[in-house]
Each structure stands twice: as C-alpha cells, then as structure tokens.
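Notes for the one structure printed next.
Computed from the coordinates by the stated procedures, all read-outs in this text should not be read as laboratory data. Nothing here was measured: the structure is a model prediction, and the numbers come from that model. A quick note on method: Cβ atoms are made from the backbone with ideal geometry, for glycine too, and the neighbour counts reach across all protein chains shown.
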Amino acid sequence: MKVLTTLFLLPLAGFQSPTFEVRGVCAIDAATVDCWAPDGGPKPGLTEEVRRQIAAMESPLSFLPGRKNRFVIVRHTPFGTLTYGKNSLRPQNFPLEHDGGLWTTAFRIAADRDVATADITIIPGFPEGEAVAVPFHEGAKAVVDGVPVEIGRIGKNPRDEFGGFNVSRVSVWGEWRLPIQIGETTAPSGYQVMPVGHDGKPISYVDPQGWPVDARRGKELWEAAFKSERRIPESPPASPAGISTYPSGPILWVGMDIQPKAIHELQIRRIAGRMITLGPLALDPNPQSVP
C-alpha cells in the first residue's frame, strides 16, 4: 500500500546532484528505540546509533497520539524546501547528525495502525545545461539555456508581524531578496542560483552578518556548532549560505543571507526535477528480525 508521500524540493545554492540513502525505520517512544532495515529485516547497529543520537538531542521528538508513529532514518545531502503529501498528518523532520557534508535526519510519519508500508517520494533538482554568469547588479542581462534573464533591484526582505518572511505573497527567507525576470510566460521553479564572491569562488558559508567565510573554515565552524547542539544551531559563527527561491509569474524571487556587497556575480543554471521513490518501507519489523 502506498501512503504518506513526502516531497523534497531541492536544492540549496551550489550545483551538486542530490543523494539520499534510507538507513532504516525506527519505532521510538519515551522508553525504547527499535530499528530495522527498510524491508523489515535486521539492521545491526542502527538501534544503538539512533539511541545515541536521540540522547544527545536538545529538543525531544514529537508524536501523534493514536497513530503508528515511525521515524525513517535518511542520510542525505542538504535539501531546500520541504513539503508533504495530503495523507501525511503533520509529519516532521528531526536532524540527528551532520558529518562530511551529509545529514542524518529522522522523518516522522504517522500512519493508521493497520498500515504496513509507506513510500517516500523525493523530487530532487538535477542540474542541466551550462551555468551562466550574470553580473550582480540591477539591469544585468544574460541568456540561460535559451531563456533571457534580467537581474532586478535587491533590497531588504520585509518581515511580517511574527518576524517571518511571509509578506507580499513572496515567501522567500533571508535578510535580502531580489527579483530575476525570466523571459517566459511563467517562471518555472527549475532554476538554480549560486552567488560568487569577488575572489571568483562560490560563497558557501557566511558569518552572522552575512559576510563570506572561507569554505573550509566555515565548514569546520558549522559542523562544530551542530555537533555541540545536535540540532540546527540558532546563532552559529558560520552557516551555509543557502538560497531560497519562489516563482511568481515571470519573476523568480531569490532570498539570501549574503551581504549584497560581497557578491560579484550570480551563476544561474537550469535544473530539472526527477521523481524518485524510496520504498516500500516496512513500518514494522519482520518477526524473524526481532531478537
């Protein structure tokens, strides 16, 4: 039975192809952790590994009462926006570990008690065509994969009364935002934007004020902060320079936490979403896998 579809929309800044690996499925409550392989068979070592990771978490996992709560353990490259299918009943994701550019995350699904399996469907964005460098100033123009683009005026991203960025029906996060005019009737979400600094290198990490941090040093600071808190840090000394995009008609809105003065150019590239299904995932262990 295919239920509880989860959709991942990728990627963040950068032109890497995404990877996902399902480590297993776990039943977790206040007293016990029991994990098994995606097919319900045994998965040596995973229970102890997840137990250690959960014990180090600052915030506890959450559950939906009256449902079969299961946590799918996935090791993956960073993803951007995360949305869910209509049958998923408020699922949540809990970061467990970050090591070497890969995340280990527990994705909670809450099924009816008689449901035996579930699928996770990812729609990652794979880079296509050549990246095109566009000078970072208002009015700069280029042609990306046969489509003309033009950079608009960058400005502060307005906040709502709750401190969020969901105003003017343009939902991009980051301290700054800018519009990119796409020479098509409707701007597709299939564009990837990567900021490049004045040194000619992609901006991959920034400090709390948005100024670029050397990639190696930024990675060390970010991973150290994450490992110490076992969750996404609130005020790390350096964090990944993520890019948020939101298509609205012929405009592709871009949000970022990078100081505009630090950006020399934007590299823009087409991406294509490809549906990949992980599953079926056994929501209970096979009897022979239980000690």
query: When Lys and Arg each count +1 and Asp and Glu each count -1, what net charge do the other residues less than 9 Å away from Ser239, Cβ to Cβ, add up to?
result: -2
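Hey, fewest Cβ within 10 Å first, where do Ser59, Ser204 land in order?
Values: Ser59 9, Ser204 23.
Neighbour counts put them in this order, fewest first: Ser59, Ser204.
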statement: Taking 139-145, 175-181, 210-216 and ranking on average Cβ neighbours within 10 Å, highest first, one gets 175-181, 210-216, 139-145
task: Write out the GluC sites (Glu not before Pro) in the stretch 19-70 meeting two conditions: DSSP loop, and at most 15 other Cβ atoms within 10 Å of their Cβ.
output: Glu58
